[in-house]
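Everything on this sheet refers to the single structure shown next.
The values are calculated or read from the model by the stated rules, or taken from the named source; none is laboratory data. Computed from a predicted structure; not experimentally measured. All Cβ positions, glycine included, derive from the backbone under ideal geometry; neighbour counts span all protein chains shown.
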Amino acid sequence: MTTTTKKGYFGEFGGSLVPAELQNVLDILEENFNKFKDDEDFNRELNYYFEEYVGRKSPLYFAENLTKQCGGAKIYLKREDLNHTGSHKINNVLGQILLAKRMGAKRVIAETGAGQHGVATATVCAMFGMDCTIYMGAEDTKRQALNVFRMELLGAKVVAVEKGQARLKDAVDEAFADLVENYENTFYLLGSAVGPHPFPTMVKHFQSVISKESKEQHLAKEGKLPTAVLACVGGGSNAIGAFAEYIDDEDVRLIGIEPDKAATMALGTPGDLHGFRCLVLQDEEGNPLPTYSIAAGLDYPGVGPEHSHLKTIGRAEYVTISNEEVLEGFQTLSKVEGIIPALESSHAVAHALKLAPTLSPEDSIIINISGRGDKDVEQVFEMLNK
């Protein structure tokens with residue numbers, strides 16, 4: 001029932017493990033992506049929207065107060081939270097919607113966990129006049145009720161998925177089921193660097209704008225490359241975007257931070273999930289294990305295939321952070337720098353609070369602030385007042 005292609009592998013991870021009819025759809029998607037990703041007109045339009053609609057370039061901000069408080073390395077923040085819609089998700093969404101437009105799509109579907117990808121997808125669908133359906137775990141619709149309203153305000157239909165744990169994995173399940181049933185007229189705008197080929201490669205391509213900018217900005221400010229780049233990891237889209245341009249720079253440490261109760265990198269083993277091979281939190285029968293994170297966007301039992309590969313070959317480091325440390329990072333950045341980060345991004349902030357003091361003042365680290373914390377304020381208020 002499945003076909004396996006060797007395209008889209010990162011070492012042993014990746015591939016396309018899907019039913020034959022869906023493979024045909026993915027082949028067409030790959031063909032169009034390869035056709036347009038280096039096309040001059042396509043990139044001119046994409047860059048126009050990056051600058052005029054998203055507000056790129058996002059700043060690389062020297063967090064002077066946080067640096068003084070921590071001691072040690074200089075701390076820089078890549079401000080993806082300042083993008084239109086409030087996160088890095090808009091980068092990939094714009095690239096894919098322009099691709100969908102060129103492919104003649106009229107209907108777009110997407111999955112979302114914390115709601116930021118859903119909001120970004122609903123935003124561009126509104127702008128380009130496309131029908132939009134967003135799948136979201138029922139538990140996440142409660143945690144992120146504000147983002148559900150934003151999606152609906154933008155004209156999207158939000159489907160609350162009650163199956164399984166009613167979280168991100170289950171939303172992805174339903175989105176792929178929709179695609180299998182409606183592939184003839186539907187474009188699946190996948191939000192993370194996961195799924196069957198070409199999705200991980202495509203998402204990395206559009207998110208790599210983060211590290212292209214940060215590398216140029218850091219060289220201008222410091223005259224050298226950073227000591228380390230930090231980013232939270234769930235499926236891994238913001239992290240692979242933040243790492244992309246530094247992968248070949250072996251002196252730059254790449255550090256992904258994940259929740260301790262969804263520690264795919266620490267505890268996962270090779271397995272198949274959502275049509276690709278990656279490190280998975282799974283039982284002896286290969287079934288995905290339940291996960292939990294206070295950050296809905298990181299609540300996923302797998303991880304992107306390139307992250308799985310980077311961990312396996314030792315090019316990137318992956319560490320875990322507790323919920324208590326995340327809340328500390330959330331509050332610290334808010335109080336010290338006047339920047340309220342998303343709970344997802346707070347994982348990276350929390351690790352930076354521990355890492356920076358161990359380095360010298362000659363060192364510098366970049367934290368990818370993947371999203372702003374407006375969506376999480378009510379949730380954090382409730383947690384801190386319990």
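Computed quantities for the displayed model
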item: Among residues of the stretch 262-287, those that are within 19 Å of ALA171 (Cα to Cα), at pLDDT below 95 and surrounded by fewer than 21 Cβ atoms within 10 Å (Cβ to Cβ), counted; result: 1
item: Residue in the stretch 136-145 that is within 23 Å of VAL54 (Cα to Cα) and not basic (Lys, Arg) present; result: yes
item: Residue check for LEU77: hydrophobic (A, V, I, L, M, F, W, C), in contact (Cβ under 8 Å) with a residue 12 or more places away in the chain and assigned to a helix (DSSP H, G or I); result: no
item: Residues that are in a loop (DSSP other than H, G, I, E, B) and of a type in the set (A, V, I, L, M, F, W, C), drawn from the stretch 216-225; result: LEU225
item: The stretch 140-163, residues that are out of contact with any Ser or Thr (no Cβ under 7 Å at 6 or more places or on another chain), more than 20 Å from ASP374 (Cβ to Cβ) and either in contact (Cβ under 8 Å) with a residue 12 or more places away in the chain or buried (at least 20 other Cβ atoms within 10 Å of the Cβ) (or both); result: GLY155, VAL161, GLU162
item: Within the stretch 227-253, considering residues that are in contact (Cβ under 8 Å) with a residue 60 or more places away in the chain and surrounded by fewer than 24 Cβ atoms within 10 Å (Cβ to Cβ), the one nearest to GLY195 (Cα to Cα); result: ILE247
item: Of all residues making up the stretch 84-136, the number that are touching a residue at least 60 places away in the same chain (Cβ under 8 Å) and acidic (Asp, Glu); result: 1
item: Any chance HIS307 is of a type outside the set (Asp, Glu), within 24 Å of PRO196 (Cβ to Cβ), touching a strand residue (DSSP E or B) at 6+ places or on another chain (Cβ under 9 Å) and buried (at least 24 other Cβ atoms within 10 Å of the Cβ); result: yes
item: Members of the stretch 312-349 found to be out of contact with any Pro (no Cβ under 8 Å at 6 or more places or on another chain), outside any strand (DSSP E or B) and either surrounded by 24 or more Cβ atoms within 10 Å (Cβ to Cβ) or of a type in the set (A, V, I, L, M) (or both), listed by number; result: ILE313, LEU327, VAL336, ILE339, ILE340, ALA342, LEU343, GLU344, SER345, SER346, ALA348
item: Top-ranked residue of the stretch 302-324 - restricted to ones that are out of contact with any Asp or Glu (no Cβ under 9 Å at 6 or more places or on another chain) and without any contact (Cβ under 8 Å) to a residue 60 or more places away in the chain, ranked as farthest from ALA244 (Cα to Cα); result: GLU324
item: Any chance LEU66 is touching a helix residue (DSSP H, G or I) at 6+ places or on another chain (Cβ under 9 Å) and either over 18 Å from ALA193 (Cβ atoms) or part of a loop (DSSP other than H, G, I, E, B) (or both); result: yes
item: Set ALA171, ALA166, ALA220: member being surrounded by fewer than 19 Cβ atoms within 10 Å (Cβ to Cβ), of a type in the set (Gly, Ala, Ser) and within 25 Å of ASN368 (Cβ to Cβ); result: ALA220
item: Members of the stretch 226-272 found to be of a type in the set (S, T, N, Q) and either part of a strand (DSSP E or B) or more than 15 Å from LYS78 (Cβ to Cβ) (or both), listed by number; result: THR264, THR269
item: Test: residue in the stretch 43-53 that is in contact (Cβ under 8 Å) with a residue 40 or more places away in the chain, of a type in the set (Asp, Glu) and not in a helix (DSSP H, G or I); result: no
item: Number of positions in the stretch 310-349 that are among the acidic types (Asp, Glu) and more than 20 Å from the chain's Cα centre (by Cα); result: 4
item: Whichever residue in the stretch 106-139 is under 14 Å from the mean Cα position of the chain (by Cα) and among the polar types (S, T, N, Q) and, among such residues, is farthest from GLY373 (Cα to Cα); result: THR121
item: Which numbered condition ASP38 misses (of (1) surrounded by fewer than 19 Cβ atoms within 10 Å (Cβ to Cβ); (2) part of a helix (DSSP H, G or I); (3) not assigned by TED's automatic domain parsing to the domain that holds GLU222); result: (2)
